[in-house]
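Presented below is the structure to which this report refers.
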Amino acid sequence: MGAGQMPAFIVNEMETKSLKIFILLIFVAVLVGAMYFVSNFFASKNQSEGPIQNNLQATVGLPVKLIVPKIGVNAAIQYVGLAQDGSVGVPEGPYNVAWFKTGVRPGEKGSAIITGHYGSWGNGVGSVFDNLIKLERGDEIYVRDDKGNDIAFLVQDKKIYGFADYVPDIFTKNDDSYLNLITCTGTYLEDKKTYNNRLIIFAQKM
């Protein structure tokens, strides 16, 4: 070994340490890169899920027609709010139905409300919901929106309430997409200009 030269075993030891440091640096770089990729992946996934869900809700158009094959209903839909007495508004005339526009659209998550008349008018014509009582569990109801989509619902239940009864389930159920059809039934009360009962068909989106 000449002057200024390091022993061979020291050189070998330094080379081994350098190789270990180099390998360690590569490992750290790969680990940092992997963490960055995973972080960006989940961030972009979370950002994309919100708009997708919102877009699904936004794809439901305004309702324009109610179709109930079993009872031959194919009625145009009017838009109503609350009546002066605080009840849900009703359509003008015997043949159309009315969507409660303050609530959700049929097909959106929540309980959509559509009302229609029952009984004979002064000129002897019947009303759009005269045969609503004939619907049974499993019968189909369709709401066509202004985008041309037919949104299908299945009847789940039907109930009769007094005209002054408070029935919160009509408006508040929101764990899925529901459609509730409301009409009068029972005995006509001349002094109140309405029937004594209300028939409600509860349906759920297929």
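Residues with beta-carbon under 14 Å from that of residue 83, excluding residue 83: net charge, scoring Lys, Arg +1 and Asp, Glu -1?
Numbers: positive: 101, 192, 193, 198; negative: 85, 92.
Result for the neighbourhood of residue 83: +2.
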All aspartates and glutamates inside 16 Å of residue 158 as judged from Cα atoms, apart from same-chain residues fewer than 8 positions distant: 130, 136, 139, 140, 169
Pairs from 147/205; 147/193; 101/159; 134/205 whose Cα-Cα separation, in the structure shown, is over 28 Å: 147/193
Suppose each label sits 7 Å from its Cα in the direction of the beta carbon; what would the residue 188-residue 67 distance come out to in nanometres? 3.3 nm
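No lab work stands behind these numbers, since they all come straight from the coordinates. Please read these numbers as outputs of a predicted model, since none were measured by experiment. Neighbour counts are summed over all protein chains in view; Cβ atoms, including those assigned to glycine, are modelled from backbone coordinates with ideal geometry.
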